[in-house]
Amino acid sequence: MLEANNNVSDNPPEHSDNTLSGQTTTALREAIVTGQIRPGEKLNEPRLAEQFHVSRGPLREAIRRLVAMRLVRHIPHVGATVVTMSPNSIKDLYEVREVLEGKAAGLAALNMTDEQITQLRKLLEIHRHHTETNAGEYMQAEGDFDFHYQIIKGCGNALLANQLCDELYHLIRMFRFQTSRFKARSNRALIEHDQLIYAIELRDAELSEMLMRKHIARAKTSILNSLATQS
């Protein structure tokens, strides 16, 4: 049975890498994703090497990997810096998500097992309980406790799952953490998740894809409107 855990999964999306560089990548990645290192902040190599108890070699390899994940970028005459969340970057990412995750949801309706769908509904109840007991805050989860990740994992298309769970996954997570303060959509998102599970239970691929695409499009609109209001 699933038990709630907001940020850690027993089955992380990427392949496990127990090398020093791999461990440093994971630690630095989570610091960026969760906002401990803020968007736009320059990565101070001496300070980070001391913080993570590593030499410059593994740290620089970790930074190189994070550049490939699009979490860090190199700015001329400045150095490695955490990416910032602009309206255009949100728009671009959510448009890609809408297409790819919509397709994944349609395939999931055809390929998820009954047991996987049952676990998905149990997961939704965990998310609902978290929102109800945390003043409307949406549950930020990774891997097996991530509703979208479960659907992607159940789509049955390894190439599509790789695109979403390896190449884009942590960038999506970072944007989710940064926009989690926008609580207006939390309850609506849970309703949309419930509708999506129902479509998957019906094995209706067309409806599942349509609902997922609308769900992500609404999230994009809500985030962009909230940012515009605050600017």
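Quick notes on this structure:
- Residue in the stretch 164-185 that is in a loop (DSSP other than H, G, I, E, B), modelled with pLDDT under 80, aliphatic (A, V, I, L, M) and more than 19 Å from V99 (Cβ to Cβ) present: no
- Members of the stretch 81-94 that are at pLDDT 95 or above and either surrounded by fewer than 19 Cβ atoms within 10 Å (Cβ to Cβ) or of a type in the set (S, T, N, Q) (or both): T81
- Verdict on Y198 being hydroxyl-bearing (S, T, Y), modelled with pLDDT of 90 or more and outside the structural domain of A31 (by TED's automatic domain parsing): yes
- Members of the stretch 197-217 found to be within 18 Å of the chain's Cα centre (by Cα) and either among the small types (G, A, S) or surrounded by 16 or more Cβ atoms within 10 Å (Cβ to Cβ) (or both), listed by number: M212, R213, H215, I216, A217
- Taking every residue in the stretch 106-132 that is assigned by TED's automatic domain parsing to the domain that holds L160 and pairing it with any residue that is hydroxyl-bearing (S, T, Y), at least 6 positions away or on another chain, the pairs with Cβ-Cβ distances below 7 Å are G106/S208; A108/S208; A109/S208; T131/Y138; T131/S186.
- Some residue of the stretch 140-153 being at pLDDT 80 or above, over 14 Å from A108 (Cβ atoms) and of a type in the set (K, R): no
- Residue that is surrounded by the most Cβ atoms within 10 Å (Cβ to Cβ), among those in the stretch 36-71 that are in a helix (DSSP H, G or I) and acidic (D, E): E61
- Here S226 meets each of (1) surrounded by fewer than 16 Cβ atoms within 10 Å (Cβ to Cβ); (2) among the small types (G, A, S); (3) modelled with pLDDT under 90 with one exception, condition (1).
The values are calculated or read from the model by the stated rules, or taken from the named source; none is laboratory data. Since the structure is predicted, the reported quantities are computational estimates derived from the model, not experimental observations. Note: ideal-geometry Cβ built from the backbone for every residue, glycine included; neighbour counts use all protein chains shown.
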